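Here's the structure, in structure tokens; my notes come after.
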Amino acid sequence: MTSSAIHEKAQPRPSFSESDAARLAFELYGVTGSVNELTSERDQNFLVRAESGEHFVLKIAAAAELRETLEFQNAVMSHLQGRVTSGFIPHARATKSDEKIATAVDEKGAIHFVRLVTYLPALLLAEVNPHTPELLRGLGTLLGEIDKALEGFSHPAMSRDLKWDLQGALWIKDYTEHIQNPARREIVEHFIRQFETRLAPHAHGLRTSVVHNDANDYNVLVTDDGDGNTRVAGIIDFGDMLQPTLRAKSRSRRHTRCSTKLIRSRRRPKSSPVITRSFR
């Protein structure tokens, strides 16, 4: 097994307190308000409700995070501003010294990159029930608009060694032995064989494009008008973006890109056709 970011142990998350985050928001950005930590995987996120009425997320990256990866995220969010009109896209706010990426030092002396990104107060798709056809069509429209806007977009950090890249999904072969239920293990191994025989031989000849890659139910924002009418209002968390493989024909390309986004979702399978039909 080759060494890569996929197989290395997870890096420890930052351990800044809410008071630390409030201090950084003020010192770096001149923003004051209430601060609450949010759930996150690799980094630390703090919701900042500014006294001005604005909402932000203060993002503190793990010490091992690469600056170019964060520059890639910032570049995509900036690129989508004005090009995506069907939903909210966050963007990074500059520091008082006009920097989009700042730094902070933790109690152990480790240096962490810091960003402040805009946020739209809303429900998460995971908190909404039912997922009506209209709501799901709105999600498909937003995802399609994002991918359309990213066609031709390029950045030095877009080719990443990330386990969520479906083109590199065969890394999971080394871990199927940990699935104790034989029937479930066979399901996984069946699809691994399908991947090896039907996709892998053709992967190098397929077109590629940058995608959001993580439109799960906890990254999709939804608004409610109070009368039970819900609509997709935006998307957050650009931390898993990369350039996966796309199919060559237009219809296959559409479904491949949308499947990349839905694969990690908790959405029921019957929802996927509604979303993909709206994906343009």
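Derivation of every value follows stated rules applied to the coordinates shown; laboratory data play no part. Since we're looking at a predicted model, the values are computed, not measured. Backbone-built Cβ (ideal geometry, glycine too); neighbour counts: all protein chains shown.
Footprinting exposure proxy ranking of D43, D237, fewest other C-beta atoms within 10 angstrom first, gives D43, D237. Modelled this way, with points 7 Å down the Cα-to-C-beta line, the labels at R67 and L123 are 4.3 nm from one another. If you take the Cα centroid of the stretch 88-158 and the Cα centroid of the stretch 195-243, the two points sit 12 Å apart. Lysine pairs in the stretch 1-153 with alpha-carbon atoms under 30 Å apart, 8 or more places apart or on different chains: how many are there? Lysine pairs meeting both conditions in the stretch 1-153 amount to 10.
Extension gain for S34-F153 works out to 39.2 nm (0.36 nm per residue, less the C-alpha to C-alpha distance).
Under 5 Å between amide hydrogens, built in the peptide plane, is the criterion, and for F88 it picks out G234, I235 among residues at least 5 positions away or on other chains. By other beta-carbon atoms within 10 Å, ranking F238, F26 with the fewest at the front produces F26, F238. Structural descriptor for the stretch 18-120: relative contact order 26 percent, calculated from alpha carbon pairs under 8 angstrom and at least 6 residues apart.
List residues of the stretch 62-87, by number, whose backbone nitrogen lies under 17 Å from a label position 7 Å along Cα→C-beta of D225. Only 87 pass the distance filter. With a Förster radius of 41 Å applied to the C-beta separation of W171 and F26, the computed FRET efficiency comes to 0.45.
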